[in-house]
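First comes the structure, then the notes that go with it.
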């Protein structure tokens with residue numbers, strides 16, 4: 001990665017945010033990691049600044065990941081979005097394709113896998129095919 005990338009991680013579970021932040025912090029100074037514990041908090045942050053990558057849970061009580069993705073893509077169509085869910089993403093795969101979601105991941109996500117996927121997404125080394133994983 002040639003310059004510092006901003007990543008926003010959204011989940012309603014604090015422990016998931018902690019694990020994800022810790023895992024991605026190991027990518028080094030090339031990334032700035034911001035977290036939000038819910039969709040509304042994430043929207044406030046997305047309005048205030050641009051993010052290169054958004055990683056969001058799909059099911060959250062205040063604003064779900066699909067609506068959050070629509071809003072983020074409206075603000076900045078170039079933002080890369082990764083969805084995470086513990087409920088399977090096959091029911092929303094058509095929506096993911098329409099919204100140009102980079103990947104859909106089943107929880108729990110392995111630390112090494114999320115680091116690899118984030119690195120690929122930010123470097124553009126993998127085909128930007130929605131729901132490729």
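Here, each number is a calculation from the coordinates, and none is a lab measurement. These numbers come from a predicted model, not from an experiment. Methodologically, a virtual Cβ is constructed for each residue, glycine included, from the backbone with ideal geometry; neighbour enumeration extends over all protein chains shown.
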* **Per-residue Cβ neighbour rank within 10 angstrom, fewest leading, 11, 52** => 52, 11
* Asked: What residues from region 56-79 fall in the zone where the backbone N is under 11 Å from a label point 7 Å along the Cα-to-C-beta line of residue 90?
  -> none
* To do: Grab the DSSP H runs of the chain that are 4 residues or longer, score each as -39,500 (n - 2.57), total them, divide by all residues and round the 222 nm result to the nearest 500 deg cm²/dmol.
  => -11500 deg cm²/dmol
* **Rounded if a/c under 1.5, otherwise prolate or oblate - the chain, Cα gyration tensor axes** => rounded
